[in-house]
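One structure below.
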2 protein chains.
Amino acid sequence: MESQDLKKAGLKSTLPRMRVLQLLENSEKRHMTAEEVYKALMECGEDVGLATVYRVLTQFEAAGLVNRHYFEGGLSVFELNQGHHHDHLLCVKCGKIFEFIDDTIESRQRQIAEKMGFAINDHCLYIYGVCQKQNCEHNQD
Amino acid sequence: MESQDLKKAGLKSTLPRMRVLQLLENSEKRHMTAEEVYKALMECGEDVGLATVYRVLTQFEAAGLVNRHYFEGGLSVFELNQGHHHDHLLCVKCGKIFEFIDDTIESRQRQIAEKMGFAINDHCLYIYGVCQKQNCEHNQD
DNA sequence: AGTTAAGATAATAAGCACTCTCAATAAGCC
DNA sequence: GGCTTATTGAGAGTGCTTATTATCTTAACT
C-alpha cells in the first residue's frame, strides 16, 4: 500500500504522489528522467502536470524515497531508493544503465575522505563506456 | 606560447581562444564555470561574449584541452586538462573542490568494467561532504 | 604587404530543463 | 459533510546553454 509509504515519509498521500510512486515501482525502467515520468503518466491517462512531477520527485528525494543522479550532459534521472547504495555504469551508445557495488572502492573512498578531513555526505561514481550487448544500439534503461 | 597549443589541438588561433586558455592557465581557481570565465574576462577588460565562452570551452573539451564536470545540482565546471586523470572531493558548505587519485579505485573500476563487458570511455567519482578547514565557510575554489 | 576565402565572433533569439505564481482543488480533521 | 490548509495544474518565468546570422579575423595566397 503506497499511501502508507508516503505517510511514513512524512508526506500527505495524494493522487499524484501515489501515481508517481507506483510508476517508479512498476516501470521496467529503473532510471527515469522527470520528463519520462511525466510522459509515462500521460500515456496511462493520468492527468498530472509536469510541474507536479518535478515537485513530487524533489519531495521524494528530500524524503529519501528516491535518489537523483546527475549524469554527463546535464541528464538527470531518478531511481527508487531500495536501501542499498550502488554506483553506475552507463552505455553512451544505447543509454543502458547498469548498477554495481564494490566494497573495495567504497572503503577506499572512506579512507580518502578521512585522510583529507572530510565528513562524507554522499558520493557517486559514474563509469561511461560502450557495452557489448548485441542489442546495444536501440535499448534504453 | 598558447597559440601553438591551439594549433596543436587543431584550432585556429584567435584572440578569444587565447584569452580563455590564458585565463584557465593563470587563474588561481582551477575549476571555473562558464559564467566565471566570462566574468573574469570582462574584469580584465577583455570583451568576449558569453556565447563565445561557451563555444570555446566546448571546442576545448572536444579537443581535449579541458575537462568538464557535471556536479550535483546542475553545476558544471571546466578545468584545464593537464594530462593526469583525477577524481573530486567537494565541500557542500564552502564550495571548495579538492582533487585526488587512488590507484586501487582506478584498477577496481577497470576490473568491474571488464567483467561487465564495457569499454570505458571515461569515469568520474565525486565525493560530497563537509571539509574541516577553518576557513571553510567562505572560500571558493 | 594586400587580397581573399574560410572560418570565427558578438549579439540576439531560441531551446531546454526546471521553478514560480496563483487560482482552483483535494486531503485530513472536526 | 463542511472547514482549514496543503497540494495541484497551467502557464509564465528563470537560468543555463546552444543556434542563427550578419559582421569581422585569420591565415594562405599573390
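With the helix formula -39500 (n - 2.57) applied to DSSP H stretches of n ≥ 4, chain B reaches a computed 222 nm mean residue ellipticity of -12000 deg cm²/dmol.
Just B:PHE118, B:PHE98, B:PHE71 to compare: in a GNM of chain B, with alpha carbon springs under 10 Å, which one fluctuates most? Result for chain B, Cα springs under 10 Å: B:PHE118 fluctuates most. Roughly how tilted is helix B:50-63, in degrees to the nearest 10 and between 0 and 90, from the longest Cα axis of chain B? Result, in degrees: 50.
Of the GluC sites (Glu not before Pro) found in region A:1-60, the ones in coil according to DSSP and having at most 10 other Cβ atoms within 10 Å of their Cβ are A:GLU28. Considering only B:MET18, B:MET32, B:MET116, the mean-square fluctuation computed in a Gaussian network model of chain B, springs between alpha carbons under 10 angstrom, is largest for B:MET116. Our coupling estimate for region A:31-37, obtained by passing each phi through the Karplus curve with A = 6.51, B = -1.76, C = 1.60 and θ = phi - 60°, is 10, 10, 7, 4, 4, 5, 4 Hz, Gly and Pro reported as x. Compactness of region A:84-141 is given as radius of gyration and Dmax, 14.7, 45 Å, from Cα positions. The other copies place their A:LEU75 label points at 2.4 nm from this one, listed shortest first, where each point is 7 Å from Cα along Cα→Cβ. Sorted shortest first, the distances from the B:ASP47 label point to those of the same residue in the other copies are 5.5 nm; each point sits 7 Å from Cα along Cα-to-Cβ. Accessible area per residue for the protein assembly as shown, computed on protein heavy atoms with a 1.4 Å probe, is 53 Å².
Between helix A:103-115 and chain A there is an angle of about 70 degrees, using the helix long axis and the longest principal axis of the Cα atoms.
Across the options B:SER3, B:HIS88, B:ASN26, the greatest Cα extent toward the positive end of the charge dipole of chain B (unit charges at beta carbon of Lys, Arg, Asp, Glu) belongs to B:SER3.
Contact order for region A:1-81, expressed relative to its length and based on alpha carbon pairs under 8 Å spaced 6+ residues apart, stands at 29 percent. Using a Gaussian network model of chain B in which every pair of alpha carbons under 10 angstrom is joined by a spring, one finds that among B:VAL77, B:VAL92, B:VAL53 the greatest mean-square fluctuation is at B:VAL92. Peptide B:70-77 shows a mean partner chain C-beta count of 3 within 10 Å per residue C-beta.
For the pair A:ALA62 and A:ASP103 in one chain, pulling the backbone fully straight at 0.36 nm per residue adds 12.1 nm over the alpha carbon distance. The stretch between A:GLU2 and A:VAL130, if pulled fully straight at 0.36 nm per residue, gains 42.4 nm over its current Cα-Cα span.
Inter-copy label distances at A:THR33, using a point 7 Å along Cα-to-Cβ, come to 2.1 nm with the shortest given first. Size descriptors for the protein assembly as shown (Cα atoms only): Rg and Dmax, in that order, 21.2, 67 Å.
Using a 4.7 Å Cβ-Cβ cutoff, the cysteines of chain A lacking any partner cysteine are A:CYS44, A:CYS124.
Counting Cβ atoms of other protein chains within 10 Å of each Cβ in A:106-114 and taking the mean gives 4.
Buried accessible surface for the B/A chain pair comes to about 3100 Å², total over both chains, computed with a 1.4 Å probe. Normalised by 2.2 N^0.38 Å, where N is the number of residues, the alpha-carbon radius of gyration of region A:1-81 equals 1.01. Checking every one of the GluC sites (Glu not before Pro) in region B:70-140 against DSSP loop status and a limit of 15 other Cβ atoms within 10 Å picks out B:GLU137. Report in % the part of the accessible area of region A:18-141 that belongs to carbon and sulfur, leaving out ligands and nucleic acids; probe 1.4 Å. Percent of accessible area from carbon and sulfur atoms in region A:18-141: 46. Put a plus charge on the Cβ of each Lys and Arg, a minus charge on the Cβ of each Asp and Glu, and nothing anywhere else: the dipole of region B:1-82 about its Cα centre is then about 340 debye. In chain A, the C-alpha radius of gyration followed by the widest Cα-Cα span (Dmax) gives 16.9, 53 angstrom.
Restricting to Cα pairs below 8 Å that are 6+ residues apart, what does the relative contact order work out to for chain B? Please round to a whole percent. RCO, chain B: 20 percent.
The values are calculated or read from the model by the stated rules, or taken from the named source; none is laboratory data. Predicted model only: the values in this text are computed from it and were never measured. Heads up, the Cβs are rebuilt from the backbone with ideal geometry, glycines too, and the neighbour counts pull from every protein chain shown. Please note that ligands, DNA and RNA were not included when accessible areas were found on the heavy atoms of the full protein model with its side chains. Shrake-Rupley method; radii C 1.70, N 1.55, O 1.52, S 1.80 Å.
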